[in-house]
1. It is to be established whether one or more residues within region 84-91 are in a strand (DSSP E or B), out of contact with any helix residue (DSSP H, G or I) (no Cβ under 6 Å at 6 or more places or on another chain) and surrounded by 14 or more Cβ atoms within 10 Å (Cβ to Cβ).
2. Among the residues of region 76-95, is any modelled with pLDDT under 95, small (G, A, S) and out of contact with any Gly (no Cβ under 7 Å at 6 or more places or on another chain)?
3. Going by the structure shown, is R111 in a helix (DSSP H, G or I) and free of Cβ contacts under 8 Å to residues at least 40 places away in the same chain?
4. Mind listing whichever residues of region 52-72 are at pLDDT below 95, open to solvent by 80 Å² or more (accessible area, probe 1.4 Å) and within 22 Å of V131 (Cβ to Cβ)?
5. So H77 ticks every box in (1) surrounded by 16 or more Cβ atoms within 10 Å (Cβ to Cβ); (2) farther than 13 Å from I155 by Cβ; (3) touching a residue at least 24 places away in the same chain (Cβ under 8 Å) but one. Which box is left unticked?
6. Would you tally the residues in region 108-131 being open to solvent by less than 40 Å² (accessible area, probe 1.4 Å) and of a type in the set (V, I, T)?
Amino acid sequence: MPGPPPSPGMPGPPPKPRGTGRTTRTVIIVAAVVALLCCAGAFTGGGIWFFRTVQGATAPARNAATAYLDDVRAGNHPAAYGRLCEQLRSQLTEEEFARARAAEPPLGDYRVTATEVSSSTGSQSRAEVTVTAAGREQVLTLVEEGGDWRVCGGI
């Protein structure tokens, strides 16, 4: 049973110390875990978005380069010539291109190791596709003409 109430003018009992209660600690821990999961999800989602954006920008140029190389490897010179940019086709006839390609050793297996796309306002979009074939690295330059990527150097 508690003691008698304090006399007037006398201080009451000291206040109870206020520590962090069990409920408050649980709420703080849960909030921290939720915040951490949200940040991790945003980081991962941002990384996936960035990867898909870069891949979406480079895939058409990479695909055009591999289509050209596949035509060259198969000896389909008319199709490979059709994948050249306007500038090269104006300097080289299809027959000259076919003769030059036939004089070179066969392409064989190749591997695309890098694709970099760049564009500037007021000029054509350009891409560089790095290819390794027969232990040799080569860079194909492509330009975008009429919505299609065309090989314009490194042939």
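1. Pass one, region 84-91, residues in a strand (DSSP E or B): 84.
With the extra rule that they be out of contact with any helix residue (DSSP H, G or I) (no Cβ under 6 Å at 6 or more places or on another chain), the set shrinks to 84.
Cutting the leftovers down to surrounded by 14 or more Cβ atoms within 10 Å (Cβ to Cβ) gives us 84.
The answer is yes, given that some residue of region 84-91 is in a strand (DSSP E or B), out of contact with any helix residue (DSSP H, G or I) (no Cβ under 6 Å at 6 or more places or on another chain) and surrounded by 14 or more Cβ atoms within 10 Å (Cβ to Cβ).
2. no
3. No: the conditions fail for R111.
4. Q55
5. (2)
6. Qualifying residue count for the region: 5.
The values are calculated or read from the model by the stated rules, or taken from the named source; none is laboratory data. Just so it is clear, the model here is predicted, and its values are computed rather than measured. We place every Cβ from the backbone using ideal geometry, glycine too, and count neighbours over all the protein chains shown. Note: accessible area is taken over every heavy atom of the protein model, side chains too, but ligands, DNA and RNA are not part of it. Shrake-Rupley method; radii C 1.70, N 1.55, O 1.52, S 1.80 Å.
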